[in-house]
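Since the structure comes first, as structure tokens, the remarks are kept for the end.
We did not get these values from a lab; they are worked out from the coordinates using the rules stated. Here the structure is a predicted model, which is why all the values come from computation and not from measurement. As a convention, Cβ positions derive from the backbone with ideal geometry for all residues, glycine included, and neighbour counts pool all protein chains shown.
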Amino acid sequence: MNNPYVPLLVLMGTALVLAIGGLVASALLGPKRYNKAKLEGYECGIQPTPHAVGGGRFPIKFYLYAMSFIIFDLEVVFLYPWAVEFQYLAAFGLVAMLSFLALITVPFIYEWRRGGFDWE
């Protein structure tokens, strides 16, 4: 009996063994020299404070930049294969891609309303 999923299961098993093996090896073989600087959170050389500067809210501008990158990235990931195989997908592919573009417009509008495209 020749199961087509055997190579996939072997690949997933190998990936799992390598991931867990890497974590275990680094825990066992890695140096364990802790000091005050290594135990602190990384803050780009600035002393960490418990609250935002001035006691105000943390700005969400970085979150909006990351969100726009993810949206553009997803759009390219899905549009490129569709463009390559456009002639074989015919009307079904066109309808599927138009619905995808309609759905991806919602986060664009949300980000636009939140000020994510105001590059100050």
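Between Lys61 and Phe117, 0.36 nm times their residue separation minus their Cα-Cα distance comes to what? Present the calculation step by step, with values, prior to reporting the outcome.
Working: separation 56, 0.36 × 56 = 20.16 nm, distance 0.96 nm.
Residue separation times 0.36 nm, minus the Cα-Cα distance, leaves 19.2 nm.
Rank these for me by crowding, Lys61, Lys38, going from fewest to most other beta carbons within 10 Å.
Lys38, Lys61
Roughly speaking, what is the stretch gain from Val17 to Val106, that is 0.36 nm per residue apart minus the C-alpha to C-alpha distance, in nm to one decimal?
On the way: separation 89, 0.36 × 89 = 32.04 nm, distance 3.99 nm.
Between Val17 and Val106, full extension yields an extra 28.1 nm.
Along Cα→Cβ, 7 Å out, is where each label goes; now give me the distance between the ones at Val10 and Phe86 in nm to one decimal.
4.0
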